[in-house]
1. Over chain B, what relative contact order in percent results from Cα pairs under 8 Å that are six or more residues apart?
2. Compute the length gained on full extension between residue B:530 and residue B:713: take 0.36 nm times their separation in residues and subtract their Cα-Cα distance, giving the result in nm to one decimal.
3. If we count other beta carbons within 10 Å of each Cβ, what is the order of A:125, A:70, fewest first?
4. For chain B, what does the helix formula give at 222 nm: sum of -39500 (n - 2.57) over DSSP H segments with n ≥ 4, over the residue count, nearest 500 deg cm²/dmol?
5. What 222 nm value per residue comes from the helices of chain A, counting each DSSP H run with n ≥ 4 as -39,500 (n - 2.57) and dividing by all residues, nearest 500 deg cm²/dmol?
6. Quote the FRET efficiency, to the nearest 0.05, computed for residue B:649 versus residue A:171 with a Förster distance R0 of 51 Å and r equal to the Cβ-Cβ distance.
7. Can you give the angle from 0 to 90° between the axis of helix B:199-212 and the longest principal axis of chain B, with both taken from C-alpha atoms, to the nearest 10?
8. Pull out a ≥ b ≥ c, the square roots of the eigenvalues of the alpha-carbon gyration tensor of region B:514-745, then state rounded if a/c is under 1.5, prolate if not and a/b is larger than b/c, and oblate in the remaining case.
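Rule-based calculations on the coordinates, nothing more; no lab input. Keep in mind it's a predicted model, so treat the numbers as computed, not measured. All Cβ positions, glycine included, derive from the backbone under ideal geometry; neighbour counts span all protein chains shown.
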């Protein structure tokens, strides 16, 4: 019992030390966002001020930027959850010609540097009349390859008995996905939601390229205007902006983190 | 042709610029009041990515009507015929404005100088006095500069003689060229031949390297701050400091002087001249009204508010200089004097590429290469560049000679009307055809999966339709939004194509791929990326597993630690990288921690041996927690009975780990390795924020290199070839890993 105690304490001490190193940049970010910019070499600050929060939140456009980001995120989350379930289910359970090739195409979309795709994508947006609308930030991202990969792997590991039973009871395929597969996949969906949220909420270059007007500007693009001058970064504005924009993600993570752990648990056991 | 369009109703012109709209909008409002019928729509770009946006818009034929451009970009824009000739609309301003050389090509004017800026010598009077020098007589010659730096230099007490830019290769020429120019050297001679490799440059370089021994070598913002804190005796910097120093450090006793000349009896004092110009793109809908607007905007009274607040640059309109603002402080007159003697870099088509050659030469010299080698290498690079330009443009655009007449012709033939509109419809026609064939095929041939076969009574047709229905969201998205760009850039990789002439892509066969084989910069980027991938992927994975094991073994608090370690992956990587700039700063927390254990401070992002490791460490730090959460999930899934049985058998902790835990979570290891590898091969944001590939290319990675090729050097076809090489590399690694995954499955 004694060794057990020491082991626990040792682990705790080690993790606390490591944890501090992980928390440092976070604490730095939040603390710095409340300080005046100071002539310090490392973007140092001093005193206490709300000027940067006032600058950002007090900006006339802020509610609009936030709303745009929220709309895009919600749409992308909903479509990704629904579509990844459907497509992932098809990949996991159905046999059809070309399945392997299609699957590698899914992965290929993750492997090509997107810097290469920006010129043709913008061209496409303009031609489809989506340029400078929120649709341009939603439609191309409504089924992400990473999420498909994740859902396919997860559903493959689920037991098929329940689906067969439901089918025997006369349930349609959509009903099976919705009432049988979706509840079992809750953990994977939680991972998917957090992943998609992180990527989409921080997305910068696509909104920058696909939109022009302030009325469809998203939060990260708007924040970049506050934070970057011609010859220097405005540290206070950057940190305040980052703090503000990471809040929703933290909330999402706290909401879903329990599901993640449980989720893969129930899936992996059935391998 | 440009008749009385100003009066036409409903003219709206877009104007892209970099400034806070509070400076721009009031001017627009006044202009619109005076010019009824003309509307100006202003869009602010941001300094970090604004030019990317211009390049991408241009490649799509959607450049704005009016645009603010950096003066050093003008050579290329003019030579390519991207801009409208406004000679007649600006002829009367010749005497009144500065920096015409930046907007003039073959005697024709393609832009209006708006804002100009230069660099001068800042000196700390107190440090001069302390070193026994007269603070009223700042160094005027190279010898005096060197002597003063030597006398002031006292690194043990944190005082440095001179501030020298390092770790940001892309701006070195601004600091170095004034010495060459002052010494009679040139980048291009009167005939447009490369003359950088001359005795004047060699002398300047040798002097610069001598100066380095008494210098503090860091990035611009850190040099400015060091000066502000009174730790730098001398530094060459810009007017923006002049606005900040008196406010931030009122006790700082500093002066400014002209850049020192080679000697009392030799050479001149000169500096770098650059700035912002206003230009009209070829597709401008109403050049006459647009020209009127830029004239209005660039006047002294409309530009002064920008100067007054940010002090980044001064109006190009010299009338502004009689404003009391420039006479409130005598030091201001030094800037005015230096601007009049300052030089703009050559205005030629290949300036951006030449700039790179010069930056690299200076940087390599600073990092230890001999002056001989540096200059001969620059010469070789220039020869390559000249040859490439000759090939690529088929003689239409020469490297150094700005081509007015040719440019006009080129732009006529590059109207987008010819072949371009056919590409997309035909692509979709083929795609829809393929899609329908696949539909039919899948409809007939679909068999149900194992789980379906027992209970499913549906006919094969029904099953096929169902499969399709389920797949269609992805199939449609892929077909519309991904396949077209993928094929497009695949075709581009076999073409010579640049953003200026989107309609003129010329088939180039394997040329791009062959060029990659001999491209040393690409090879270096490949090697850097390989090092990055090999260093980060296994370490991140192992650390994530270790953390997961530790957190998992906790009886209490595991949820807390899980969150702490996950937090870094939530913030945008750009912000994280910026925070790490401060961690790695000379007096950042890392150096302070090291100092506590007696290790001397390191210049993490400026030392060419340390920059890559610094970025690797940061990347590992950011992503460990993310993969730890995945591992934790896998660990929770290992059946507890296995461990109980092992305990009964008396197996040690290590035995249990190797024989139970590791095999049980192997599938997760392979998954993490796959995803992590795919991501690491594409590392970009960290590099772009922290080092931009420097110092001396030591952190230039594939995607960063590709990005520069596409957006800085406009070679989109070549960049596409890089992308597909990268795709193949990643594909190869993923196939290996998938194999491994299948092995695990069995």
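1. Contact order relative to length: 15 percent.
2. 63.5 nm
3. Values: A:125 24, A:70 14.
Placing the least packed residue first, the sequence is A:70, A:125.
4. -17000 deg cm²/dmol
5. Estimated from H runs of four or more residues: -22500 deg cm²/dmol.
6. About 0.65, to the nearest 0.05.
7. The helix B:199-212 is inclined about 70 degrees to chain B.
8. oblate
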